[in-house]
Amino acid sequence: MSDKKASLSIDGLDEAIDLPVYSGSIGPDVVDVGGLTAKGMFTYDPGFVSTAACESQITYIDGGKGTLLHRGYPIDQLAEHSDYLETCYLLLYGELPNAEQKANFENTVRYHTMVHDQLTYFFRGFRRDAHPMAILCGVVGALSAFYHDSTDISDEKHREVAAFRLIAKMPTLAAMSYKYSIGQPFMYPDNNLSYGENFLHMMFGTPCEPSNVNPVLAKAMDRIFLLHADHEQNASTSTVRLAGSSGANPFACIAAGIAALWGPSHGGANEAVLNMLQEIGDPERIDEFVARAKDKDDPFRLMGFGHRVYKNFDPRATVLKESCDEVLAELGIENDPLLAIAKRLEQIALEDEYFIEKKLYPNVDFYSGIILKAIGIPTSMFTVIFAVGRTVGWIAHWNEMISGSYRIGRPRQLYTGHTQRDYVPVDKR
Ligand code: SDX
């Protein structure tokens, strides 16, 4: 923390208020406004556009430069050279693992991938056409009913085993929600497979024949999980932190994060992008939709464009765009019509004055759906895939908060309702 300060003069107050200013290792300074309460004032920042809610050392984003660092490592280098579980280790423990640490971490995850057999009965309670995010919300929240041995959040070992269980079981539960929707039997995880391979095995394998997962698709799946692993204090991660600040158990906190991620402005955007591209249907109609996105009176937004922080390319979108070409080429899907519409839409938007002026660039959700569709994953599962990848980020932030000093999150408000008034009996109204 630095010894800099801000001096705030407020009409009506005789003296200026001195507020400490802190500097991070990189990024904007922050003004500590805690002293305002003593002066009978709050800050006002709907949507937390200018609010640093916590101190963290996990992920850094520079929205102007389009930079994303996980514990200091750039996302494009991790996408190129690392894999999802190694990135999980990095996010959780702060350093890249050596060979032994990496092998032990992978092995521990491997032996937590099965779920308690009683959990299968939870699925039976859902309609077959239930949205898989609804199922995931419910089943992940229920995990706390199965692991009484790891809900003492003050115990570091309890927190660690909860992290392993969540990272390991999310793919299993995600695949189960898909299998349930198509009436096929659940597939058990196969301990001989890597994380991405295992997920595709559980999604598309059947008990009738051995799985034969395409290694290119398995690598693409792993990279998609990696690119979604963490993203600083986004809406769902902030939800996990707020839930965790009350002392709730980690499974309940992750279920809260899943619920927040589901919205189309956040993780639900990847599903919305595919639905939008299918609605556009023909490159000739792109101009019509771009015009709608610019029309203040039309609630339509170009899904997969824009970001609260990135006012440049989302570096994850850049990596995903390259992966798109690789996966479609591997599958022999030349001239995928949706990809053609996406690329044309991107080109038009990036040349359009409205998008340039508002700094609206493609975000992580713009290309991910095209790859997931090419792999054969149904649109309704796209946000579930996002949740699987983001689980490690949610847990890393939850653990960083719980293992440090924290207080229950309890924002205040600007009240503009009625001043006090007396009750009026019904015969006098
Ligand atoms: C994710 O926070 C994270 O890090 C999230 C995420 C993560 O990894 O966790 O990166 C994942 O959620 C990515 C974002 C996915 N959502 C979408 O693609 C949905 C479409 N995008 C928007 O709804 C919007 O851009 C947000 C929600 C992403 C950001 O919203 P902000 O920061 O609150 O910005 P805003 O809504 O105030 O928009 C600023 C202006 C507005 O115009 P004015 O009122 O200033 O005239 O830009 C316009 C908006 O109308 N605008 C868009 C637009 N996005 C913003 N106009 C058309 N199409 C869009 N997509």
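Overview of results
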quantity	calculated
Helices (runs of 4 or more DSSP H) contained in the stretch 334-429 and holding at least 1 residues polar (S, T, N, Q) and closer than 21 Å to ILE75 by Cβ	364-375, 382-402
Residue satisfying all of: in the stretch 332-358; in contact with a Gly (Cβ under 9 Å, 6 or more places away or on another chain) and open to solvent by 60 Å² or more (accessible area, probe 1.4 Å); farthest from the ligand (Cβ to nearest atom) among these	PRO337
Search result, residues across the stretch 289-330 that are more than 10 Å from the ligand (Cβ to nearest atom) and hydroxyl-bearing (Ser, Thr, Tyr)	THR318, SER323
One residue from ALA79, ALA130, ALA134, ALA53 being out of contact with any Asp or Glu (no Cβ under 8 Å at 6 or more places or on another chain) and surrounded by 20 or more Cβ atoms within 10 Å (Cβ to Cβ)	ALA79
Total residues in the stretch 373-403, condition under 23 Å from ALA252 (Cβ atoms) and either open to solvent by 40 Å² or more (accessible area, probe 1.4 Å) or free of Cβ contacts under 8 Å to residues at least 60 places away in the same chain (or both)	3
Criterion: buried (at least 20 other Cβ atoms within 10 Å of the Cβ) and more than 12 Å from the ligand (Cβ to nearest atom) - qualifying residue of ILE408, ILE370	ILE370
Candidate set: the stretch 266-288, residues that are in a helix (DSSP H, G or I) and within 9 Å of the ligand (Cβ to nearest atom); chosen: the one surrounded by the fewest Cβ atoms within 10 Å (Cβ to Cβ)	ALA272
Any hit, the stretch 96-106, residues being farther than 22 Å from GLY404 by Cα and within 16 Å of the ligand (Cβ to nearest atom)	no
Conditions (1) open to solvent by 50 Å² or more (accessible area, probe 1.4 Å); (2) touching a residue at least 12 places away in the same chain (Cβ under 8 Å); (3) not in a strand (DSSP E or B): number failed by GLU100	(2)
Criterion violated by PHE186 - all others in (1) free of Cβ contacts under 8 Å to residues at least 60 places away in the same chain; (2) surrounded by fewer than 20 Cβ atoms within 10 Å (Cβ to Cβ); (3) not in a helix (DSSP H, G or I) satisfied	(1)
Candidates ALA130, ALA168, filtered to the one that is within 24 Å of the chain's Cα centre (by Cα), aliphatic (A, V, I, L, M), under 30 Å from CYS208 (Cβ atoms) and part of a loop (DSSP other than H, G, I, E, B)	ALA130
Contacts under 8 angstrom Cβ, first residue in the stretch 343-360 being over 19 Å from ILE371 (Cβ atoms), partner of a type in the set (S, T, N, Q), 6 or more apart	LYS359/ASN312
Test: residue in the stretch 410-418 that is out of contact with any Gly (no Cβ under 9 Å at 6 or more places or on another chain), at pLDDT 95 or above, within 29 Å of TYR84 (Cβ to Cβ) and among the polar types (S, T, N, Q)	no
Residue, nearest to the ligand (Cβ to nearest atom), within the stretch 256-265, restricted to residues that are touching a helix residue (DSSP H, G or I) at 6+ places or on another chain (Cβ under 6 Å) and open to solvent by less than 40 Å² (accessible area, probe 1.4 Å)	LEU261
Scope the stretch 143-158; condition part of a helix (DSSP H, G or I), touching a residue at least 60 places away in the same chain (Cβ under 8 Å) and surrounded by fewer than 19 Cβ atoms within 10 Å (Cβ to Cβ); matching residues	GLU156
Filtered residues of the stretch 230-255 (kept if small (Gly, Ala, Ser), crowded, with 22+ Cβ neighbours inside 10 Å and more than 12 Å from the ligand (Cβ to nearest atom))	ALA243, GLY244, ALA255
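So that you can scan it fast, the table gives a plain yes or no per residue for (1) over 20 Å from PHE225 (Cβ atoms); (2) not charged (D, E, K, R):
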{"position": "LEU91", "(1), (2)": "no, yes"}
{"position": "GLU100", "(1), (2)": "yes, no"}
{"position": "ASN107", "(1), (2)": "no, yes"}
{"position": "ARG110", "(1), (2)": "no, no"}
{"position": "ALA130", "(1), (2)": "yes, yes"}
{"position": "GLY138", "(1), (2)": "yes, yes"}
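One line per residue, one yes/no per condition, for (1) at pLDDT 95 or above; (2) charged (D, E, K, R); (3) closer than 26 Å to VAL140 by Cβ:
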site: ASN249; (1), (2), (3): yes, no, yes
site: ALA256; (1), (2), (3): yes, no, yes
site: TRP262; (1), (2), (3): yes, no, yes
site: GLU271; (1), (2), (3): no, yes, yes
site: LYS294; (1), (2), (3): no, yes, no
site: LEU302; (1), (2), (3): no, no, no
site: GLY306; (1), (2), (3): no, no, no
site: LYS311; (1), (2), (3): no, yes, no
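The values are calculated or read from the model by the stated rules, or taken from the named source; none is laboratory data. Since this is a predicted model, take the numbers as computed values, not measurements. In this analysis, Cβ positions are derived from the backbone assuming ideal geometry, glycine residues included, and neighbour counts consider all displayed protein chains. Calculation scope for accessible area: heavy atoms of the full protein, side chains included, ligands and nucleic acids excluded. Shrake-Rupley method; radii C 1.70, N 1.55, O 1.52, S 1.80 Å.
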